[in-house]
1. Under the 0.36 nm per residue contour assumption, what length would be gained going from the current alpha-carbon distance of A:Glu104 and A:Arg88 to full extension?
2. Distance in nm between label sites at A:Arg52 and A:Ala80, each 7 Å beyond Cα in the beta-carbon direction?
3. Work out, step by step, the length gained on full extension between A:Ala115 and A:Arg33: first 0.36 nm times the residue separation, then minus their alpha carbon distance; give nm to one decimal.
4. Using a Debye calculation, one point per C-alpha and no hydration shell, please list log10 I(q)/I(0) for region A:32-113 at q = 0.17 Å⁻¹ in order.
Amino acid sequence: MKGSCAATLGRLGIRPVERRRESTWEKYYAVIRRIPRGRVATYGQVARMAGRPRHARQVGYALYTLPQGSKLPWHRVVNATGGLSVGRVVPGGDLAQRFRLEREGVAFGLNGRIALKRYGWGQSSARRRR
DNA sequence: GCAATGACGCTCT
DNA sequence: CAGAGCGCCATTG
């Protein structure tokens, strides 16, 4: 893929202003886009896969500036505790995320957290029950 | 350029 | 296992 980056970002609804830092967050978006359906990844995991360990916060920043019309599966990104931190900036956003994940087959624990050991991206995939 | 903020992670209590 | 504190680093004001 060559200049498809700009086209892809345009498809995602990224504005010119965000294009400037695309080189920085592009990797995060690419990784998130690679997250398989019915699986979740932590911010640190995404940052690590993007080749930027310890940048978990910046991943959250990237999603923070993410437009609503983006087709990015942001709902598959959770924190290390398997909880949802979206509600910090989007009231009820965590609820929507939870609903989306449950619809994909991701189950939540009684404490409202996801069993990353089972649904974590790169974990024992063969262990997941139908 | 400096100071404050933040959709986080790890460690200690 | 749950809660609080400190650290990391890029974006924003």
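Just so it is clear, none of the values below were taken in a lab; they were calculated from the coordinates. Just so we're clear, the structure is a prediction, and the values are computed from it rather than from any experiment. Here the Cβ is made from the backbone with ideal geometry for all residues, glycine too, and neighbour counts use every protein chain on show.
1. Here the answer is 3.4 nm.
2. Computed distance between label sites A:Arg52 and A:Ala80 equals 1.8 nm.
3. Stretched out fully, the A:Ala115 to A:Arg33 stretch lengthens by 27.4 nm.
4. After summing over all Cα pairs, the log10 values are -0.65.
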